[in-house]
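Presented below is the structure to which this report refers.
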Amino acid sequence: MADSKRARVDDKLVVSLLDYGAGNVRSVRNAIRHLGFNVQDISTPEHIAEARVLVFPGVGSFGNAMNTLKDRGLVDALRAYVSAGHPFFGICLGMQTLFEGSDESPGVAGLGIIPGTVRHFRSGLSEDNQSMVVPHIGWNGLNFEGTHSSCVLEGLDSADKVYFVHSFRVDISEASADWALTTTSYGGQEFVSSVQKGNVVATQFHPEKSGDVGLRLLGRFLAQHTQGSAPVSKMYPPTGSPTVLAKRVISCLDVRSNDDGDLVVTKGDQYDVREAVESTSAERGAVRNLGKPVALAQRYYEEGADEVVFLNITSFRQEMLGDTPMLRVLEQASENIFVPLTVGGGIRGYTDSAGRAWTALEVASMYFRAGADKISLGTEAVFAAEKLERGEELCGDTAIEQISHVYGRQAVVVSIDPRRVYVDSPAAAPKHTVILAPTPNEAGQTFCWYQATVKGGREGRDIDAVAVARACEKLGAGEIMLNCIDADGQGKGYELSLIRAVMAAVSIPIIASSGAGVAEHFSEVFKETGAQAALAAGMFHRKEVAIADVKKELASKELPVRT
């Protein structure tokens, strides 16, 4: 099709964003607009054929994505567009679909533009005998040879890190060597992290979630193809030093309505979010107000947080899709925050007041469309784990299974809220994982198991945190956010014994949560447990410790960080 007929608005070139109904397209759209480019969503074969510059933000599982593209009649149009060498930028699954197939969905054909099959990461012990968890989640580096140049990578160096979240990777091979632009290391495995041939570029990482580094990379590609037509040279597999995955520093915002109905960020003391009052008073203390959600999240992004988590801590009482203020928070936050956003609290299937039944997948989809990159499940995950523990047959209808099937396990975080239950010895609780408690209780008992709770810690269940984590991994969770009610708000450090016990039971990433009070608590939890990420709330909200202080502390202990 002639260039004069390709997508324009008011005689200005427009970036076409392929929206086929999967995941967080909003963040990519916001990134393109933030960079100063016009963008329009497209969803038909005719729109693809007319696109001047096409961005394909693939999200979710390989099979679901390819089947959706096929059902919408987009496969042939997309294959023809890329094969013709028109300007194309694929993101994450948008890169994987360029290949012939994937281990994730045997028998499902990809676009077949690049020879080869996408393979699963091998979990367990890495080649250097280190524990390796899957998915590969976090900030990692890029290797490329300095003898070759690409306008997309101009200005990047070995210290820069970009954000990955995936369980499947592309191996380096002779068949696809002329496509490989950069490689990245994980667990001793080297994989292709971006490809390029001519005007066609695709990345395994998410530039729209990689902060300034990712925005610059995406911006250079868009500028080249909307403001000029200089050729893009290709890169070959590099031979540099292995890249290193950074430890993630995450800020968490507990969000709820105060007594006046305003949405505020609060922080609990062992999950109690109200200010203390005189014991003789009949009045309840006010909800602790530490700021507005969007403004506080923006501050953390600017201060260097690697991820931001929103937890709607009273949502179990509400209709989730009636909770429009939380959806607005996500929409507004994603406009100017270009690191991953996770949202949790009450995401479940339910029937609304009008009698309409909503599945957990439908609820989660609304939050993905509003700007969430990952969904955190709490109460629903515990109930699903209990079913698995009882030996009940599961039919794919749990929230974890529904969401991970469509969006991939990397989009599902399980948040576990346990509390210590002290016992005299491991024999006193034979059905639970009993470990040495960090401190004895008033009765002098030194052993405990960690009872999982639901409904924001209000109700204990007869299942322990280790069992919940193990079951949720089987069901399709990609990450565990491990809290501890006893440590919450105490500022004495993370619950190291609990974290070690859960890490020994699963092979997915662990986010340590609850108890941080000083920067040294972060280095301690990373050194002592090997957790992949650590989260804090109150100490950041109150400006007692800055995110930069935490990263300085980690660097001083020779722990890898994103700067």
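Residue 552 contributes about 150 Å² of solvent-accessible surface, heavy atoms of the protein only, 1.4 Å probe. For the peptides 174-182, 99-107, residues were scored by their other Cβ atoms within 10 Å and the scores averaged per peptide; the highest-first order is 174-182, 99-107. Taking a ≥ b ≥ c as the square roots of the eigenvalues of the alpha carbon gyration tensor, the stretch 8-123 is prolate, as a/c is not under 1.5 and a/b beats b/c. Toward the positive end of the charge dipole of the stretch 394-538, with +1 on the Cβ of Lys and Arg and -1 on the Cβ of Asp and Glu, the farthest Cα among 436, 505, 425 is that of 505. Contact order for the chain, expressed relative to its length and based on alpha carbon pairs under 8 Å spaced 6+ residues apart, stands at 12 percent.
Ranked by the mean number of other Cβ atoms within 10 Å of their residues, highest first, the peptides 462-474, 520-532, 70-82 fall in the order 462-474, 520-532, 70-82.
Of the Cα atoms belonging to the stretch 418-485, the radius of gyration and Dmax stand at 12.6, 40 Å.
Placing unit charges on each Cβ (+1 for Lys and Arg, -1 for Asp and Glu) gives the stretch 458-557 a dipole about its Cα centre, and among 518, 530, 554 the Cα reaching farthest toward its positive end belongs to 554. Dipole orientation for the chain: of the candidates 539, 326, 203, 203 has the Cα lying most toward the positive pole (charges on Cβ; Lys, Arg +1; Asp, Glu -1). Dipole check for the stretch 518-563: with +1 at the C-beta of Lys and Arg, -1 at the C-beta of Asp and Glu, and the Cα centre as origin, the magnitude is about 200 Debye. Considering only the Cα atoms of the stretch 348-413, their convex hull presents on average a projected area of 4.9 nm².
The HN-Hα couplings worked out from phi for the stretch 201-206 by the Karplus form 6.51 cos²θ - 1.76 cosθ + 1.60 (θ = phi - 60°) are 10, 8, 10, 6, 7, 9 Hz, whole numbers, x standing for Gly and Pro. Amide hydrogen proximity for residue 38: with H placed 1.01 Å from N in the peptide plane, the residues at 5 or more positions away or on another chain lying under 5 Å are 15. Taking 0.36 nm per residue of sequence separation and removing the Cα-Cα distance, the residue 122/residue 383 pair yields an extension gain of 91.0 nm. Distance between the 7 Å Cα→Cβ label points at residue 504 and residue 359: 3.9 nm. Annotation: average projected area of the stretch 336-463 is 11.0 square nanometres, based on the convex hull of Cα atoms across all directions.
Rg over Rh for the stretch 396-532 works out to 0.98, both radii taken from alpha-carbon positions and Rh defined as the Kirkwood radius. The 3J(HN,Hα) values that the Karplus relation (6.51, -1.76, 1.60; θ = phi - 60°) gives for the stretch 73-81 are, in residue order, x, 9, 4, 5, 5, 5, 4, 5, 4 Hz. Gly and Pro appear as x. Placing +1 on each Lys and Arg Cβ and -1 on each Asp and Glu Cβ, with no other charges, gives the chain a dipole about its Cα centre of roughly 700 debye. So, counting K/R as plus one and D/E as minus one, what does the shell of residues with Cβ under 10 Å around residue 171 add up to? Once all neighbours under 10 Å are counted, the net charge is +1. Here's how it looks for residue 481: its modeled amide H is under 5 Å from those of 414, 415, 416, 511, which are all 5 or more places away or on a different chain. Spatially, the stretch 362-412 and the stretch 153-205 are offset by 30 Å when compared through their Cα centroids. Close amide H pairs (under 5 Å, H built 1.01 Å from N) link residue 463 with 452, residues at least 5 positions away or on another chain.
Among the listed pairs 161/551; 209/527; 209/543; 374/543; 527/557, those with a Cα-Cα distance over 19 Å are 209/527; 209/543; 374/543. The antiparallel fraction among DSSP beta bridges confined to the stretch 401-545 stands at about 55%. Rounded to the nearest 5, the antiparallel percentage of DSSP beta bridges internal to the chain is 45%.
Note on the stretch 452-548: with charges restricted to the Cβ of Lys and Arg (+1) and Asp and Glu (-1), its dipole about the Cα centre is near 160 debye. Phi-derived couplings, Karplus 6.51 cos²θ - 1.76 cosθ + 1.60 at θ = phi - 60°, listed residue by residue for the stretch 348-362: 6, x, 7, 10, 7, 5, 8, x, 8, 8, 10, 7, 4, 5, 5 Hz, with x used for Gly and Pro. Segment residue 177..residue 552, full-extension length gain: 131.2 nm, with 0.36 nm per residue of separation and the alpha-carbon distance subtracted. Once the chain from residue 393 to residue 71 is taken as fully extended at 0.36 nm per residue, the excess over their C-alpha distance is 112.8 nm. Working note: 222 nm ellipticity from helices only, DSSP H runs with n ≥ 4, each -39,500 (n - 2.57), summed and divided by the residues of the chain, gives -8000 deg cm²/dmol to the nearest 500. Among residues other than residue 507 with Cβ under 14 Å from its Cβ, the summed charge is +2 (Lys and Arg +1, Asp and Glu -1).
The values are calculated or read from the model by the stated rules, or taken from the named source; none is laboratory data. Keep in mind it's a predicted model, so treat the numbers as computed, not measured. Glycine gets a Cβ as well: all are built from the backbone with ideal geometry, and neighbour counts include every protein chain shown. Side chains are part of the model used for accessible areas, which takes the heavy atoms of the whole protein and leaves out ligands, DNA and RNA. Shrake-Rupley method; radii C 1.70, N 1.55, O 1.52, S 1.80 Å.
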